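Worksheet: one structure, shown below.
The values are calculated or read from the model by the stated rules, or taken from the named source; none is laboratory data. Computed from a prediction, not measured in an experiment: that's the story for all the values here. Don't worry about glycine lacking a Cβ; one is built from the backbone with ideal geometry, like all the others, and counts go over all protein chains shown.
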């Protein structure tokens, strides 16, 4: 999971770098050739896109650096943390859900991936099998019991 996320970020960084260094300069040059820049919407749009791409590149580069610093051996093997796949049971309904905890860049709610910074993610961080996490939600409290847990170190061990 960690390597997949690094690859995904690396690919987006490469795509945005190409856009910033090749595509946008051409678009800006074409817009400049059209004349009066004060009323040139193509020029303004290209500059706004350039600023967005620069900001996104900065964010992705920092995130990739953070990911590169993560050592799966330093992630607890018995507690919910980054990369964990955790199955919880709702105390009221008995319903079970399985989540994978990821960084914000890799969220895919449809496949059960949730951010560690989300309310559920924050409540589950550090919990062991059998422990409960209580969430305060606008419609009331929700208590989830950790019933199954596969941590990133276990997943890395499965592949190795």
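Is one or more of the residues making up segment 39-55 outside the structural domain of residue 115 (by TED's automatic domain parsing) and either closer than 20 Å to residue 102 by Cα or touching a residue at least 60 places away in the same chain (Cβ under 8 Å) (or both)? Checked segment 39-55: no residue is outside the structural domain of residue 115 (by TED's automatic domain parsing) and either closer than 20 Å to residue 102 by Cα or touching a residue at least 60 places away in the same chain (Cβ under 8 Å) (or both). Going by the structure shown, is residue 53 surrounded by 15 or more Cβ atoms within 10 Å (Cβ to Cβ), modelled with pLDDT of 90 or more and assigned to a loop (DSSP other than H, G, I, E, B)? Criteria not met by residue 53.
Within segment 7-24, identify whether any single residue is under 30 Å from residue 84 (Cα atoms) and either in contact (Cβ under 8 Å) with a residue 60 or more places away in the chain or in contact with a strand residue (DSSP E or B) (Cβ under 6 Å, 6 or more places away or on another chain) (or both), and answer yes or no.
Taking segment 7-24 first, the residues under 30 Å from residue 84 (Cα atoms) are 7-16.
The next check asks that each one be either in contact (Cβ under 8 Å) with a residue 60 or more places away in the chain or in contact with a strand residue (DSSP E or B) (Cβ under 6 Å, 6 or more places away or on another chain) (or both); those that pass are 8-9.
Yes, that holds for at least one residue.
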